[in-house]
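**Student:** Let me begin by handing over the structure; questions about it come next.
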Amino acid sequence: MLVLFETPAGFALFKVLDEGKLNKVEDLSKEFLAPDSARKVVSLKAFSKFENTAEALEAATKLLESAPSKGLRKFLRAHCDGETLGVADSKLGNAIKEKLKIDCVHNTAVMELLRGVRTQLTELISGLGAQDLAPMSLGLSHSLSRYKLKFSADKVDTMIVQAIGLLDDLDKELNTYAMRIREWYGWHFPELTKIIQDNIIYAKAVKLMGDRANAAKLDFSGVQVMIKYYQVLNLAEYRAQLYDYLKNRMNTVAPNLTALVGELVGARLIAHGGSLLNLSKQPGSTVQILGAEKALFRALKTKHSTPKYGLIYHASLVGQAAPKHKGKISRSLAAKAALAIRCDALGDDQDNSMGLENRAKLEARLRALEGKELGRSASSAKGKPKIEVYDKDRKKGAGLITPAKAYNPAADSLLGQTTDATALEEQDTVPKKKKKVEAEPPQAEEAAEAPATEDKKEKKKKKKADTEAVLPTNENEPESGEPTQKEKKKKKKHRTEDDGENVEVVEKKKKRKHAEEESEVKTKKEKKKKESED
């Protein structure tokens, strides 16, 4: 039985001299307490040395994926014909069995045997000392960690998320310490609070001044400070270092997003989304309101307007826009930021050319929005010009022109003009009477409206009486072809008839009002009877 052992220097095959000792797993560790007893259990059969670090890294990565490398396959084909192979990984054993047709064993006895070999490795392999093995293992571990970090985006994102979280915590601590300094030192020198507004400069002034008596002398040497100002200064210096680190990481991990929204806003978007890969799966509408979830759900619950921006509001492009244009710019910026995030997370390029190009487009759009003419009301929502209806009587730069009148030759002849001044009077009087006749039917209709409690028969009778009262006025209209004396008589008759008709209409209104009052009294009595019966 052979045992495969992986070292930083290469692969080793050990021959098990006494397989009976594998049956007693509890006593197997005692055999490897000394080098002499260990040589009685196993002996080195073959060793395959790595030529360089690249080969060692390739073999180590294949082992992590539970697959044999090309060099390991050649090594096993040369030395494992007809032998049983003990391995430390069961998946690796299955892969070797499928590809090389070598029987592999993985159990507790093999694991205990490999543990004993590891304790006496330098004694069992001649020429491999501890001073050589330690640098090999360290270099291989560094190379392997770099390889894994290169293809693991989550670990890079984790550093950004932790850095922006720590930056926010430092800002809170700085504000707290600065407030305490202003409060404590304000008892000694309260005027300094109004003179210096910046917290960091205030702490530096306190450090140099100490006692307020030194302010007039401008000699700040050997001052005993009353409070612990140095905590604020140390935190401020550490915050500056952390910001530089975050700026470098963002330019490396997400350069396009950083070019669009900046380091802090980009880092907060990544932290809020969980990772750069998770953020790349979100559409532009989600990126736009990311950070305003509370306001969004409150608006949906109360059926109000939803928020227009979240964390993206703090970007410089949105801050430059006017209040009425912030919604448009934030929507456009979110759409471009979604593309930049996908390019950073899934693309192979590591430059920020896409982000700079999109930022230039957004700045041009912002300038176009700010410089748009205010009186542009003849355009639709999409900016298309309004199509005016063609008018033949309208000329450019002038108003409407009345069309030219056609010449009437019949106006030159005197034949057929038999009309007098009386005929002209008839034409004037006819429209007036027609207006009276047209004005009367609405009054008759208003008078014909009966209350809901009257019967249908009474309504029909009243409508017939109204129509009969209106019809005689239409029959008595004058005709234009009669002599003048008859027309004068008819005018007098029409005046008397009009006066009589007005009197009749007034009397009918009084009768209907009386009937309505009687009907209301009847309905009230009926209601009282019903209530009494109940």
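The values are calculated or read from the model by the stated rules, or taken from the named source; none is laboratory data. What you see is a predicted model, and the numbers here were worked out from it, not measured in a lab. Every residue, glycine among them, receives a Cβ derived from its backbone with ideal geometry; neighbour counts consider all protein chains shown. The area values use the complete protein model at the heavy-atom level, side chains included, leaving out ligands, DNA and RNA. Shrake-Rupley method; radii C 1.70, N 1.55, O 1.52, S 1.80 Å.
**Student:** Which log10 I(q)/I(0) values, to two decimals, does the stretch 65-166 give at q = 0.10, 0.14, 0.16, 0.20 Å⁻¹ under the Debye formula with one point per Cα?
**Tutor:** Cα-only, vacuum Debye calculation for the stretch 65-166: -0.47, -0.82, -0.97, -1.17.
**Student:** Give me the distance in nm between label points sitting 7 Å out from Cα along the Cα-to-Cβ direction at ARG212 and ASP36, one decimal.
**Tutor:** So the two model labels end up 8.7 nm from each other.
**Student:** Which FRET efficiency value, to the nearest 0.05, do you get for LYS294 and ALA322 by plugging their Cβ-Cβ distance into 1/(1 + (r/R0)^6) with R0 = 30 Å? Please list the in-between numbers first.
**Tutor:** Values: r = 26 Å, r/R0 = 0.88.
E between LYS294 and ALA322, to the nearest 0.05, is 0.70.
**Student:** Separate question: Roll a 1.4 Å probe over the protein heavy atoms and report the accessible area of ASP89 in Å², nearest 10.
**Tutor:** 50
**Student:** Which shape class, rounded, prolate or oblate, goes with the stretch 2-137 when its Cα gyration tensor gives a ≥ b ≥ c as root eigenvalues, a/c under 1.5 marks rounded, and past that a/b bigger than b/c marks prolate?
**Tutor:** Verdict is oblate for the stretch 2-137.
**Student:** Right, something else. What order do HIS106, HIS188, HIS325, HIS314 take when sorted by accessible area (1.4 Å probe), most exposed first? Let's see the in-between values first.
**Tutor:** Numbers: HIS106 85, HIS188 50, HIS325 20, HIS314 135 Å².
The most accessible residue leads, giving HIS314, HIS106, HIS188, HIS325.
**Student:** I've got another one for you. Taking a probe of 1.4 angstrom, what is the accessible area of ARG115 in Å², to the nearest 10?
**Tutor:** Here the residue's solvent-accessible area equals roughly 120 Å².
**Student:** Give the calculated FRET efficiency between LEU44 and ASP103 to the nearest 0.05, with a Förster radius of 22 Å applied to their Cβ-Cβ distance.
**Tutor:** Values: r = 21 Å, r/R0 = 0.97.
In this case the efficiency is close to 0.55.
**Student:** Using only the Cα atoms of the stretch 282-326, what are the Rg and Dmax in Å?
**Tutor:** Rg and Dmax of the stretch 282-326, Cα atoms, are 11.3, 32 Å.
**Student:** FRET efficiency for ILE196 and LEU64, Cβ-Cβ distance as r, R0 = 45 Å, nearest 0.05? Don't jump to the answer; show the numbers that get you there.
**Tutor:** Working: r = 58 Å, r/R0 = 1.29.
After rounding to 0.05, the efficiency reads 0.20.
**Student:** Next question. Take the stretch 265-366, drop everything but the C-alpha atoms, weight them equally and run the Debye formula without solvent; then report log10 I(q)/I(0) at 0.25 Å⁻¹ to two decimals.
**Tutor:** -1.41
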